[in-house]
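The values are calculated or read from the model by the stated rules, or taken from the named source; none is laboratory data. Predicted, not measured: the structure shown is a model, and the values here were computed from it. For neighbour counting, all protein chains shown are included, and Cβ atoms are generated from backbone atoms with ideal geometry for every residue, glycine included.
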Amino acid sequence: MSKKEPMPYKALVNVYEALAATTKRLEKTRILADFFSEIDAELLPIVTILSLGKVYPVWSRQEMGVGSQLLMKAVAQAVGVTPLEVEDQIREQGDIGSAAETLFQKKSQITFFKKKLTIEMVYNNLRKLATVSGNKSQSRKINIILELLSSASPQEAKYITGTVLEELRVGVGEGIIRDSISEAFGVDKNFLDRAYMLTNDLGLVAKVAQSEGDEGLSSLTLKPGKPVKPMLAKLADSIKETVSDLGFLYCETKYDGIRVQVHRQNSEIKIFTRRLENISNAVPDVVEYINQALPQDDFIVEGELIVTKEGKPISFQYILQRVRRKYDIDKLIKEVPLSLYLFDILYFQKPLIDDPLEHRRKILENIINPVKGYVELSQQVKVTMDNVEEAEYLFEESVKLGHEGIMLKDPQAPYIPGIRGKKMLKYKSEPETLDLVVVGGTYGRGKRAHLIGSYLLALKDENGNLKTIAHVATGLDDETLIELSKRMEDLVIERKGRQIKVEAKIILEIAYSEIVKSPEYESGYSLRFPVVKRIRDDLTLEDIDTLPRVDSMFKNN
Ligand code: AMP
């Protein structure tokens, strides 16, 4: 059999255009399902991930690392205009993809394209971006993008630039991709969802659905080395009510740090954050303590990593310093010591997520050899209505020690990845905060003219669209303000006087005194006295707060 012609990128671009032309979910699903069913096994994982506007799975630490400023330069070079002209075009068109398309249309009247882009070429070049670092990395990245753009048609340029910024704007999320895979290969949606939940790899799931059907999907399971989306907690109204609802529960200290999933696969230990980023290199001390505390078998355990000084938790902000650090790690280990409190186990020699928490916790207790102050079990009491005061006591003690509150867990519950349900609840000492994404900002005046002093924040509506809700200008120390201002510079999409619009990348946790109705913001709400509590680099856009949640918080007040 002769080797098949490589598939042109144009074929995928046609699909993007068809997807963007409809808002109907069923239609989008059909368009993608028809496309997937024509793709051969080798290309299918690539096409699946590109349909989502990405080139790396969520759990990969790889990033293309190209901000809008750099991309504007690349587009400017490709069409022979200045970056300012690209910026003007973005202002007119609303996004860089459409701006690139228009600029390429003007240019295409005078040039001919050299070679035809294939899906693999685009995918491979975009992946190459993540491998570029160090000397002259910016210009090398521009060259990689230019290699594609120099052969791109206006429409192709639109989607290449959109993919680089991970802003494809075709209205397709993981849910639609999963439905499309199920439709394309006639596999059971339940098997497919479960396989995805356990592997976090849409490309793999698509490939197995195509080649092995339901049977293959149901044999996919979680594996040490590949992170799983964590099970999430809902807010409890009161301790007593929760105990009375559940009858019997585990009550644990709620530590205030970052959630980590620790995997051992053969001799290698990997530590992932809640965004499924691998931070093992930044925390070799924790890796060493885990080696002492847990056996050499394969496992996946979960816990909260916190910063302590003389055994007491200290400010959350330090932990981000630790896990983001790439140099001088040894020095920082001494200055910012970490403690890990383990509270769950998902795999030990075999998957355990379908076992009740009661059983999982017993296994964890049996295998751990705690290293005091470094790797320990979360503090826990078992509570019924007869001893509910023990839960209240643990809450008070935990808060006194500087922790956030307590967790209330159903001992009969399996581990359900990625779901915020009623099997695990949180009860905190401080009022609820909101996790919001920065979409704009305003520069200060006078001496502070180079710093962004006020940040425009947004949440997500039910369709995933960002809607503004407040400006925040207080709560950041000078050092953080400088750092945030610097990070924002590379995310600028538009400037108007002192105001800027930025790509939605930075997430802030915001405390406030009240949610009020307001026509001033797109969400219809505003926050009174908002204060930044912390930068939440451990969260992604997927995790930010939603309009339905704010609706319900407003109504319940
Ligand atoms: P929140 O981030 O406010 O939704 O609260 C849930 C988070 O609390 C989890 O994602 C963990 O990071 C954290 N946490 C702290 N201590 C515990 C514990 N003992 N059990 C479960 N989660 C905990």
Output the residue which, of all residues in region 202-228 that are of a type in the set (Gly, Ala, Ser) and in a helix (DSSP H, G or I), is nearest to the ligand (Cβ to nearest atom). Gly203
Please specify each residue of region 217-232 satisfying the condition of being closer than 9 Å to Phe191 by Cβ and of a type outside the set (A, V, I, L, M, F, W, C). Ser218
For region 322-347, enumerate the residues that are β-branched (Val, Ile, Thr) and under 22 Å from Glu376 (Cα atoms). Val323, Ile333, Val336, Ile345
In region 406-415, the residues that are in contact with a strand residue (DSSP E or B) (Cβ under 7 Å, 6 or more places away or on another chain) and under 14 Å from Pro356 (Cα atoms): Lys409, Asp410, Pro411, Ala413, Tyr415
Scanning region 191-212 residue by residue, those under 21 Å from Pro351 (Cα atoms) and acidic (Asp, Glu) turn out to be Asp193, Asp201
Working carefully through the options Ser523, Ser513, find the one that is farther than 30 Å from Ile96 by Cβ and among the small types (Gly, Ala, Ser). Ser513
Subset of region 339-356 (residues that are surrounded by fewer than 17 Cβ atoms within 10 Å (Cβ to Cβ) and within 16 Å of the ligand (Cβ to nearest atom)): Pro356
Output for region 8-51, where each listed residue is under 10 Å from Val170 (Cβ atoms), among the charged types (D, E, K, R) and surrounded by 15 or more Cβ atoms within 10 Å (Cβ to Cβ): Lys28
Condition check for Ile333: within 18 Å of Val262 (Cβ to Cβ), aliphatic (A, V, I, L, M) and touching a Phe, Trp or Tyr at 6+ places or on another chain (Cβ under 7 Å): no
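Listed residues Val492, Val438; which is over 25 Å from Phe529 (Cβ atoms) and not assigned by TED's automatic domain parsing to the domain that holds Gln379?
It is Val492.
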Taking only region 389-426 into account, find how many residues are under 30 Å from Asp193 (Cα atoms) and either within 14 Å of the ligand (Cβ to nearest atom) or part of a strand (DSSP E or B) (or both). 18
Check region 161-174 and report whether any residue there is modelled with pLDDT of 95 or more and either at positive phi or among the hydrophobic types (A, V, I, L, M, F, W, C) (or both). no
Pairs with Cβ under 6 Å, 6+ apart, first in region 411-437 and without any contact (Cβ under 8 Å) to a residue 60 or more places away in the chain and aliphatic (A, V, I, L, M), second assigned to a strand (DSSP E or B) and within 12 Å of the ligand (Cβ to nearest atom): Ala413/Lys423
When residues of region 229-257 are filtered for being assigned to a loop (DSSP other than H, G, I, E, B) and within 13 Å of the ligand (Cβ to nearest atom), how many remain? 7
Of the residues in region 534-556, those that are over 18 Å from Met488 (Cα atoms), touching a residue at least 40 places away in the same chain (Cβ under 8 Å) and outside any helix (DSSP H, G or I) come to Ile544, Asp545, Thr546
I need the full set of residues from region 284-307 which are within 16 Å of the ligand (Cβ to nearest atom) and either hydrophobic (A, V, I, L, M, F, W, C) or surrounded by fewer than 17 Cβ atoms within 10 Å (Cβ to Cβ) (or both), in order please. Val286, Ile300, Val301, Leu305, Ile306, Val307
Would you call Ser552 in contact with a strand residue (DSSP E or B) (Cβ under 7 Å, 6 or more places away or on another chain) and among the polar types (S, T, N, Q)? no
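Residue by residue, here is whether (1) of a type outside the set (Phe, Trp, Tyr); (2) farther than 25 Å from Ser280 by Cα; (3) in contact with a Pro (Cβ under 9 Å, 6 or more places away or on another chain) holds:
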site: Ile353; (1), (2), (3): yes, no, yes
site: Ile367; (1), (2), (3): yes, no, yes
site: Lys372; (1), (2), (3): yes, no, no
site: Val399; (1), (2), (3): yes, yes, no
site: Gly402; (1), (2), (3): yes, yes, yes
site: Gly421; (1), (2), (3): yes, yes, no
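One line per residue, one yes/no per condition, for (1) under 18 Å from Leu50 (Cα atoms); (2) outside the structural domain of Glu542 (by TED's automatic domain parsing); (3) under 25 Å from the mean Cα position of the chain (by Cα):
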site: Thr102; (1), (2), (3): no, yes, no
site: Asn135; (1), (2), (3): no, yes, no
site: Arg140; (1), (2), (3): no, yes, no
site: Ile160; (1), (2), (3): yes, yes, yes
site: Ile176; (1), (2), (3): yes, yes, yes
site: Lys189; (1), (2), (3): no, yes, yes
site: Ala195; (1), (2), (3): no, yes, yes
site: Ala206; (1), (2), (3): yes, yes, yes
Taking Lys254, is it in the same structural domain as Arg361 (by TED's automatic domain parsing), charged (D, E, K, R) and more than 24 Å from Gln62 (Cα to Cα)? yes
